[in-house]
Amino acid sequence: LLKRLCKSRLSFGSKHLSELANHIRGMMEIYSEINSAETKSLTRSWLLSKEAEAARHYWECVSMILPRDIGFEGRKARYDNPEDPFNISLNYMYSLLASQVWFAVELSGLDPFIGYLHEDNNRRPSLVMDLMEEFRQPVVDKPLIAYFTKHGVENAIDENKRLKDEFRKILLRIFFEELDKQATFMNRTLSVKGHMYLQPKRLAKYLLALSPSYTPYNVI
């Protein structure tokens with residue numbers, strides 16, 4: 001019996017890793033496809049379709065990494081009315097991130113409603129959403145995955161599928177601890193928050209032809 005149990009566990013583990021590898025391979029193929037495409041032929045709609053395709057692979061990987069009792073079966077935004085604590089926590093922390101990035105954009109003098117990837121919309125701050133993409137993984141996804149993997153879902157949400165006050169405080173602590181961490185990017189060692197405030201200014205310099213290029217924040 002023990003031998004059969006071990007073989008079953010190993011078989012499941014290898015299958016699990018194989019599925020993860022397939023999704024990671026899918027994301028790398030999309031990355032290569034975008035990287036090799038000629039700049040002149042790139043369109044916003046094509047890039048957004050590739051982003052959506054990569055996101056499907058990414059969230060499938062996350063669902064396989066998280067403990068099953070969390071109940072995460074895929075990404076659901078706030079308007080999708082998620083019921084699992086991981087999605088609810090993601091939405092809360094993304095709102096915190098949006099407020100920080102919006103403030104950084106305002107300080108730079110750029111218009112938060114005129115973006116380059118997300119479509120311009122006078123009801124949605126497109127540039128804020130564009131710049132948020134650079135910080136979602138390091139500031140929100142990574143620490144949140146680590147927390148739920150280690151601590152599980154106990155006392156996270158109430159019967160109305162809302163974050164409990166004590167758990168909200170935990171998420172706030174995690175978020176601001178990540179902002180305070182030191183990171184080296186573009187030969188400068190600053191807090192993540194410091195880089196977040198510099199990125200819109202770096203983008204503004206590029207748009208004004210005062211800098212030859214713009215590099216998205218990529219420290220994970």
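The values are calculated or read from the model by the stated rules, or taken from the named source; none is laboratory data. From a predicted model like this one, the values you see are computed outputs, not experimental measurements. Methodologically, a virtual Cβ is constructed for each residue, glycine included, from the backbone with ideal geometry; neighbour enumeration extends over all protein chains shown.
Here is the figure for region 70-84: residues that are buried (at least 18 other Cβ atoms within 10 Å of the Cβ) and out of contact with any Gly (no Cβ under 8 Å at 6 or more places or on another chain) total 4.
Identify, from the list Leu42, Leu47, the residue that is in contact with a helix residue (DSSP H, G or I) (Cβ under 9 Å, 6 or more places away or on another chain), under 18 Å from Gly115 (Cα atoms) and surrounded by 13 or more Cβ atoms within 10 Å (Cβ to Cβ).
Leu47
Rundown of residues vs (1) small (Gly, Ala, Ser); (2) at pLDDT 95 or above; (3) assigned by TED's automatic domain parsing to the domain that holds Ala55, yes/no style:
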| residue | (1), (2), (3) |
| --- | --- |
| Leu90 | no, yes, no |
| Met93 | no, yes, no |
| Gln100 | no, yes, no |
| Asp111 | no, no, no |
| Gly115 | yes, no, no |
| Asn122 | no, no, no |
| Ser126 | yes, no, no |
| Glu134 | no, no, no |
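Of these, Val192, Val140, which one is assigned by TED's automatic domain parsing to the domain that holds Pro85, of a type in the set (A, V, I, L, M) and closer than 23 Å to Cys61 by Cα?
Val140
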